[in-house]
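The values are calculated or read from the model by the stated rules, or taken from the named source; none is laboratory data. Values in this document were obtained by computation on a predicted structure and should not be read as measured data. A quick note on method: Cβ atoms are made from the backbone with ideal geometry, for glycine too, and the neighbour counts reach across all protein chains shown.
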Amino acid sequence: MSINWSHCPLVAQHEQARMWLTIQARLGLAANTLDAYSRGLEDYFTVCQHHGIAILMAKREHIALYVNNMAVRARPNGTTGLANATMQQRLTAVRLFYDYLVEEGLREKNPVGRGLYTPGRAFAGARERGLLPHYRKLPWIPNEEEWQRILACAKTEGLRNRLMFALAYDSALRREELCSLETADIDPAHRLLHIRAETTKTRHARVVPYSVVTEDLLQHYLHERRKITRERGALFRTLSPRNRGSAVSIWTWSKVIRSLALRAEIPRFSTHTLRHLCLTDLARANWDLHEIALFAGHHALQTTLQYIHLSGRELGDKFARTMAQLHGGRLEQLQQVWS
């Protein structure tokens, strides 16, 4: 796995940081994770350079300064401060880097806190709050009117993009899983996709189905793909004159979805929204939680629960039906007493 050092020039110039990232790459860290770590460290190094902080000598107060910088900085969309998840991700990269420095004997302690385990405190021995509180927000999914607007825009896309859109929803694929699909991963006889372990976030392979509608798109796309290349390997190929026939990257797919979202005037729509929507729809169809977790490739059921969120209206309807049943049962019991 190669590292794009042009994305992190300050990190590339720092001997220990460059070595740490190189080690992570050699250990087979996922491309997305490696990219997140490099960008996170670059952001931290940029703030340190601006404030004249020596990386190897940074203290807790300097980490606090960095956290404050992330919390108050202006963003291109006019808002202030990075999202909690982004801040957590960047702090994780910084913390792991300092772990490496401690292991190498270049520092005595890690300035980035993890939270402290306190025996006997709270339920089952809890951890005190770390440097940043964790906020777990429900994944956003479009309502029916928004979904129709998105579909209307998706219809104007080329065959390849429409197929990628359909597969991302049908099989609840992550961005990297979708873009890493190869021709050998398709089992057309049974309408199945083999998601290879090395392309997944959890490093666990799985097999997922796709629909008849997607099957039709796939057959048409394979015919079109043969006009571009007859080579096996990457399923999705670019039509750009500059690099015609090369594999579609995750960044290309992100740009496609971003363009679609802006045209539909739903900026919150992202590559991961299709996965959110699919898993929520499976929950609405009364799939078992364990079945959804297996379909999604989740290690922990807690992760699956974050994706499965019924709307307030659905919960209200279900609550009303439950209360009606309970109330009816109470009345029957009272009737037996009174009779």
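Exactly one residue out of Glu176, Glu157 is surrounded by 13 or more Cβ atoms within 10 Å (Cβ to Cβ), assigned to a helix (DSSP H, G or I), among the acidic types (Asp, Glu) and in contact (Cβ under 8 Å) with a residue 60 or more places away in the chain, and it is Glu176.
Within the range 256-309, the residues that satisfy the criterion of being of a type in the set (Val, Ile, Thr) and assigned to a helix (DSSP H, G or I) are Val256, Ile257, Thr273, Thr280, Ile292, Thr303, Thr304.
Residue by residue, here is whether (1) of a type in the set (Phe, Trp, Tyr); (2) at pLDDT 90 or above; (3) in contact with a Pro (Cβ under 9 Å, 6 or more places away or on another chain) holds:
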position: Leu101; (1), (2), (3): no, yes, no
position: Tyr135; (1), (2), (3): yes, no, no
position: Arg149; (1), (2), (3): no, yes, yes
position: Arg162; (1), (2), (3): no, yes, no
position: Ala166; (1), (2), (3): no, yes, no
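Yes/no matrix, rows are residues, columns are (1) modelled with pLDDT of 95 or more; (2) crowded, with 16+ Cβ neighbours inside 10 Å; (3) under 16 Å from the mean Cα position of the chain (by Cα):
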site: Leu239; (1), (2), (3): no, no, no
site: Arg242; (1), (2), (3): no, no, no
site: Gly245; (1), (2), (3): no, no, no
site: Trp251; (1), (2), (3): no, no, yes
site: Thr271; (1), (2), (3): no, yes, yes
site: Leu277; (1), (2), (3): no, yes, yes
site: Asp281; (1), (2), (3): no, no, no
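Screening Leu65 with (1) of a type outside the set (Gly, Ala, Ser); (2) under 19 Å from Ala36 (Cβ atoms); (3) surrounded by 15 or more Cβ atoms within 10 Å (Cβ to Cβ) gives one miss only, at (2).
Residue-wise test of (1) more than 18 Å from Val102 (Cα to Cα); (2) free of Cβ contacts under 8 Å to residues at least 60 places away in the same chain; (3) surrounded by 11 or more Cβ atoms within 10 Å (Cβ to Cβ).
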{"site": "Ala31", "(1), (2), (3)": "yes, no, yes"}
{"site": "Ala36", "(1), (2), (3)": "yes, yes, yes"}
{"site": "Asp43", "(1), (2), (3)": "yes, yes, yes"}
{"site": "Cys48", "(1), (2), (3)": "yes, yes, yes"}
{"site": "Gly52", "(1), (2), (3)": "yes, yes, no"}
{"site": "Met70", "(1), (2), (3)": "yes, yes, yes"}
{"site": "Pro76", "(1), (2), (3)": "yes, yes, no"}
{"site": "Thr79", "(1), (2), (3)": "yes, yes, no"}
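Of all the criteria given as (1) on the phi < 0 side of the Ramachandran plot; (2) loosely packed, with under 11 Cβ neighbours inside 10 Å; (3) at pLDDT 90 or above, the one not satisfied by Gly105 is (1).
Taking the numbered list (1) in a loop (DSSP other than H, G, I, E, B); (2) modelled with pLDDT of 85 or more in turn, Leu218 passes all entries but (1).
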